[in-house]
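The values are calculated or read from the model by the stated rules, or taken from the named source; none is laboratory data. Since we're looking at a predicted model, the values are computed, not measured. Don't worry about glycine lacking a Cβ; one is built from the backbone with ideal geometry, like all the others, and counts go over all protein chains shown.
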């Protein structure tokens, strides 16, 4: 970078007469390195943003799967309750039927 473009940058940044020399020296000594760091930070920022987006999408997908699993578990629990009620009803019916059969058999033997 030429001294003229450095001076122009300093003037554009609002540097006064006392700041011109310091800013020019800073630009000469650190300008390339600072630009390189800025590029690295921009790349790092883009990488972090893309990783964050990928994690968010993965989280949303897993959350959706969890919601489906939760609904399935609720359905299974409801079915278990229904099956248990049906089992109890049939057990009662079978006991009643067995009692009637026993009565019929006792009457038949008399």
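Enumerate the pairs (first residue in the stretch 43-56 and touching a residue at least 12 places away in the same chain (Cβ under 8 Å) and on the phi > 0 side of the Ramachandran plot; second residue anywhere and part of a helix (DSSP H, G or I) and surrounded by 10 or more Cβ atoms within 10 Å (Cβ to Cβ)) with beta-carbon separation below 8 Å, excluding pairs fewer than 6 apart on the same chain, so at least 6 apart or on different chains.
none
Conditions tested, residue by residue: (1) surrounded by fewer than 10 Cβ atoms within 10 Å (Cβ to Cβ); (2) modelled with pLDDT of 95 or more.
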position: 20; (1), (2): no, no
position: 32; (1), (2): no, no
position: 36; (1), (2): no, no
position: 49; (1), (2): no, yes
position: 56; (1), (2): no, yes
position: 82; (1), (2): no, yes
position: 85; (1), (2): no, yes
position: 92; (1), (2): no, yes
position: 107; (1), (2): yes, no
